[in-house]
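Encoded as structure tokens, the structure appears first; notes follow it.
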Amino acid sequence: MIILGIETSCDDTSISIVKNGNEVLSNVIWNQNKTHEVYGGIVPELGARRHLQVINLVIKEALQKANLDFKDLDAVAVNNQKGLIRSLLVGVSAAKAISYSLNIPLIPVHHIEGHVYSNILDHADLSFPHICLTVSGGHNLLILVNDHFKYEIIGNTLDDAAGEVFDKVARFLDLGFPGGPVIDKLSKEGDSKKYHFTRPMMIEDNFDFSFSGIKTAVTRKVEKMNQEEEEFKTEDLVASFQEAVVETLVEKTISAAKKHNLNQISVVGGVSANSRLRDLFRERLGKSGIKVYFPSLSLTTDNAAMIACLGFYKYQNHELGKLDLEVYSNQGI
Amino acid sequence: MKEKLKFITIDTSDENFTAVYLYKDGEIFEKTSHLERGHIKNLMPFISYTLEEAGLKISELDFISIVEGPGSWTGLRIGFSTIKVLCMVNNLKLILINNFELMQKYFNNPENFTEYAFLIKSSNKNYYFRYSLKGEEFVDGIASEENLIQKYPNIHCINFEKLEREKYLETSVEKFKNKKFSDVDNSEPYYISVGDLKSNFKQAKS
């Protein structure tokens, strides 16, 4: 079964073609970073305009890379349940037009559920139940994944998502947008023990997160050092900041796995591309018997392959949409 | 008008009014709705409905035409993303119709004003306008009525009213005969906004 996936929730226009839920034939991602860079964040109206400008071209490129034609498609899956409304509308309209023209099923899916499936797509040995940390610029969740479509959210962020804090700190330090990759890169040259930022809510007996405090601590520290004319290396500062965020994510996730007696951890979403996060998970898990899974880098940020993969399972479960399908900015999973 | 042509015309430029008109060799089928922000819910079902009523397959159409604006950005985008993909998959030609072009054609300048502007309501007290001096020198932009009068003190404003479906169909046929087709993959709405989206007064093109 060949499914075309569409993902336009935020600032990436992505179209992917996946066979039988596990073989990625193409996964094209048109990134809009240049459009939004000058604003230091996503401008929803500009994002939606960009999606519409490129949508046909991205669809064509995905088909071409998969060496397929429209007539080869068996279904179309689209994220209609989480993201910027104006952006989602473009992808959903396109999905309906394809579904109608080819008379093939339309499968609505949830963006965050898509991220959960990015690791299921990538790792055949990842089984149920497992614990999933899904963390990006828009969300920060700890989910017990008991079976297909059987989720229990056990932790959420009380304020900013980790990816959002990376962006905000990067913007404050004038490092560019998006913040995650640049902070990851600079941190490699810095001393992460140079400054200490409190790991938030680490002692609390729950799995919720709170990251806005770290952001404030970083800005205060910089302001103080500037005031006192104390010289500092940006590399040390961002490495120390990154360490605080990453350690919080890692420790909370591992203790959740232990509490629920699970020996598989799946880490997904844009922040799962962070190299320090990957290293620290492996370091802390050591010989604990708990295995950690990360998706390949092209499946960490928003992508349509995970949407098409999830669509495959939803189709098996007969969860189909109609031509009057609507969009939701923040549906629960 | 009786032409041997089959096409669909859609209008999503008003945030709260979805219109699909289907023309089949002189016969007209239509489906419209005044549902608030109803485009995403209604547009594709309306296209499907009118085609079924007319007993046509989408691939049998000669072309699709769409109102390109100015109007609701989101409404236009839902229209365009649907139509661009329909045209691409079914290999159909695309024709764009501009609301100002329709006003010029069908309202023109009834009282012979020297300096006038066609207005279409935008958001927050703003209007999309097409300004004209002596029926020449056209300028399109977006501004509040206050700002517009400040800039052009002798202006007469003519408000847009929705036209009957025949006007949209007639204009589509004309453009089809004159081969005024748009590039499907690169087409986008006539937004009227340039540079900083937040600035109050702007001129898109003259």
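Taken together, the values in this text are just the output of simple stated rules run on the coordinates, not laboratory data. Predicted model, so just to flag it, every value in this text is computed and none were measured. Cβ atoms come from the backbone with ideal geometry, glycine included; neighbour counts cover every protein chain shown.
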Checklist outcome for this item: From the cross-link list B:Lys6/B:Lys105; B:Lys121/B:Lys177; A:Lys252/A:Lys287; A:Lys96/B:Lys175, the entries with a Cα-Cα span beyond 25 Å are B:Lys121/B:Lys177; A:Lys96/B:Lys175
Item to check | Taking chain A and dividing mean pair separation by its residue count, relative contact order in percent (alpha carbons under 8 Å, at least six apart) | outcome: 25 percent
Item to check | Zero-based 5 Å bins, Cα pair distances in region A:125-294, whole percents | outcome: 1, 9, 18, 22, 19, 13, 8, 5, 2, 1, 0, 0
Next on the checklist: Need one value for B:39-45: mean number of C-beta atoms belonging to other chains within 10 Å of its residues' C-beta atoms.
Outcome noted: 6
Checklist entry - Longest span of chain A, sites excluded, free of trypsin sites (Lys or Arg not before Pro) in DSSP loop with at most 16 other C-beta atoms within 10 Å? => result A:1-187
Item to check | Charge sum, other residues only, whose C-beta stays under 14 Å from B:Tyr106's C-beta, Lys/Arg counted +1 and Asp/Glu -1 | outcome: -1
Checklist entry - If eta is 0.692 mPa s and T is 37 °C, what Stokes-Einstein diffusion coefficient results for chain A, Kirkwood Rh from Cα pairs, in µm²/s? => result 161 µm²/s
Item to check | Calculated [θ] (222 nm, deg cm²/dmol) that DSSP helices of n ≥ 4 give over the protein assembly as shown, each run adding -39,500 (n - 2.57) | outcome: -12500 deg cm²/dmol
Checklist outcome for this item: Note on region A:181-276: alpha-carbon gyration tensor, axes a ≥ b ≥ c; rule is a/c under 1.5 for rounded, else prolate if a/b larger than b/c, else oblate; result prolate
Checklist entry - Amide H to amide H, which residues 5 or more places from A:Leu158 or on other chains are under 5 Å from it, using H placed in the peptide plane? => result A:Phe209, A:Ser210, A:Phe211
Next on the checklist: Counting other beta carbons within 10 Å of each residue's own, what order do B:Cys87, A:Cys132 fall into, fewest first?
Outcome noted: B:Cys87, A:Cys132
Next on the checklist: Can you give me the distance in nm between label points at A:Asn317 and A:Asn226, each placed 7 Å from the Cα along the Cα-to-Cβ direction?
Outcome noted: 4.9 nm
Item to check | Global size of region B:101-159 as Cα Rg and Dmax, reported in angstrom | outcome: 10.6, 30
Next on the checklist: Looking only at region A:125-294, where both bridge partners belong to it, what percent of the DSSP beta bridges are antiparallel (to the nearest 5)?
Outcome noted: 60 percent
Item to check | Two-site label geometry, A:Met1 and A:Ile333: point separation in nm, points 7 Å out along Cα→Cβ | outcome: 2.0 nm
Checklist entry - Ranking A:His196, A:His123 by Cβ neighbours within 10 Å, fewest first, what do you get? => result A:His196, A:His123
Checklist entry - Hey, what angle do you get for helix B:39-54 against the long axis of chain B, alpha-carbon based, 0 to 90 degrees rounded to 10? => result 40 degrees
Checklist entry - Percent relative contact order of region A:93-168, based on C-alpha pairs within less than 8 angstrom and at least six residues apart? => result 20 percent
Checklist outcome for this item: For region B:36-107 the GluC sites (Glu not before Pro) that pass both the DSSP coil test and the at-most-15 other-Cβ-within-10 Å test are B:Glu36
Checklist outcome for this item: Relative contact order as a percentage, region B:101-159, C-alpha pairs under 8 Å and 6+ apart, gives 33 percent
Next on the checklist: Can you sort A:Ile2, A:Ile59 from fewest to most other Cβ atoms within 10 Å of each residue's own Cβ?
Outcome noted: A:Ile2, A:Ile59
Next on the checklist: What does the C-alpha gyration tensor say about the overall shape of chain B? Classify as rounded when a/c is under 1.5, otherwise prolate if a/b is larger than b/c, or oblate.
Outcome noted: prolate
Checklist entry - Taking every DSSP beta bridge that has both residues in the protein assembly as shown, what percent is antiparallel when rounded to the nearest 5? => result 65 percent
